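Everything on this sheet refers to the single structure shown next.
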Amino acid sequence: MPAPSPLELVPAPPHRVFPTQASRGRYGTEAAEHTTALVGIGHVGTRYATDVVLQFQAELAVAHQAVYTELPAEFAARHGLLPLQSRVTTHREFLLRPDLGRRLDAPSLARLRAEARRGANVQPILADGLSAVACMGAGVDLLRHFVGECEALGLTVGTPVCARFARVWLEDEIGQETGAKVVAILLGERPGLGTGDGLSAYLVHAPTIGKTDGDRNMMSNIHARGTPPAEAARRLSLLARAMIAQGTSGVGLDLSGLAGELGDAGGRGYRAPEPRVKLVEVAK
């Protein structure tokens, strides 16, 4: 058998491979101006850059903390709100059984019937949702502004309640029991990367058990870096008034006449993205 041919010499690598000059392509630069998503982040070899990985891990930690923080049982009473709780018994059950978070437990239902005002124009609800951090943060402030804005428009407001282990559709039962024309649940929204303190508001006209998402109107990203609570409260009160005037909500609600008062929320165009807060700085 003949001897194998000798292998060709492998050229030596260049003297310096990394670091390369930090740069972003045209697409990434332009896209980043319209979204807070991580686009055009670059890479080092086959991996993300260190500062990108650290930022992602920090933002993920913020989201985890928001989801796993539990609203204290005494929170409602401390802020002068009527305390209610869904049929959920533990935080783990709350995450695994959304259906139980949509109905009140028996003691809460009895207390609501006995102590809450009936027949108001608007029934406000503050709830933990998927971010008790948001509820405990700007939640009370949003509720206070919302009640004030509704009253300023001449709308009667029901007894403010605070629901623990609550999902959005819990508002249907609460609104049905209180006989309110419109019910509004202000609750911690599902955290995004780096945003664990955002609130969402869901409003529905003629609330009854069985309403669908198509019957609701909502506003999200209510926090200091998105829509501030005071501004959101003003828009939500206008939304409630429009629902009562038109006798409907959801996809059937006409907001064309409120474009001037609701700002970008009253139109269908693109909105300016909220600023992305960098949680990690890597020393150069």
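So here's what we get for this one:
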{"item": "Histogram of C-alpha separations across the stretch 70-120, 5 Å bin width, %", "result": "4, 19, 23, 25, 18, 8, 2, 0"}
{"item": "Stretch gain in nm, segment E93-T50, where the contour uses 0.36 nm per residue and the Cα spacing is subtracted", "result": "11.8 nm"}
{"item": "Accessible surface of the chain, 1.4 Å probe, proportion on carbon and sulfur as whole %", "result": "55"}
{"item": "Gyration tensor (Cα) of the stretch 35-98, equivalent ellipsoid semi-axes in angstrom", "result": "39, 14, 10"}
{"item": "Label zone at A106, where the point sits 7 Å out along the Cα-to-Cβ direction: the stretch 145-178 residues whose backbone N lies under 18 Å", "result": "none"}
{"item": "For mean projected area of the Cα convex hull in nm², calculated from these coordinates, the label among (i) 19.4; (ii) 23.9; (iii) 14.6", "result": "(ii)"}
{"item": "R118/Y68 FRET efficiency (R0 45 Å; Cβ-Cβ; nearest 0.05)", "result": "0.80"}
{"item": "Cα-centred dipole magnitude for the stretch 158-240, charges only on beta-carbon of K, R (+1) and D, E (-1), debye, nearest 20", "result": "180"}
{"item": "Excluding exposed DSSP-loop GluC sites (Glu not before Pro) (at most 14 other C-beta within 10 Å), longest clean stretch of the chain", "result": "75-280"}
{"item": "Relative frequency of Cα-Cα separations exceeding 14 Å in the stretch 116-189, percent", "result": "55"}
{"item": "Kirkwood Rh, angstrom, the stretch 47-193 [1 / mean 1/r, Cα pairs]", "result": "16.0"}
{"item": "Helix-only [θ]222 nm of the chain, DSSP H runs n ≥ 4, -39500 (n - 2.57) each, per residue, nearest 500", "result": "-9000 deg cm²/dmol"}
{"item": "Net charge dipole size for the chain [Lys, Arg +1 and Asp, Glu -1 on Cβ; Debye, nearest 20]", "result": "80"}
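The values are calculated or read from the model by the stated rules, or taken from the named source; none is laboratory data. Note that the coordinates shown come from a computational prediction; the quantities given were computed from them, not determined experimentally. We place every Cβ from the backbone using ideal geometry, glycine too, and count neighbours over all the protein chains shown. For the accessible areas, the whole protein counts, side chains as well, though only heavy atoms, and no ligand, DNA or RNA atoms are used. Shrake-Rupley method; radii C 1.70, N 1.55, O 1.52, S 1.80 Å.
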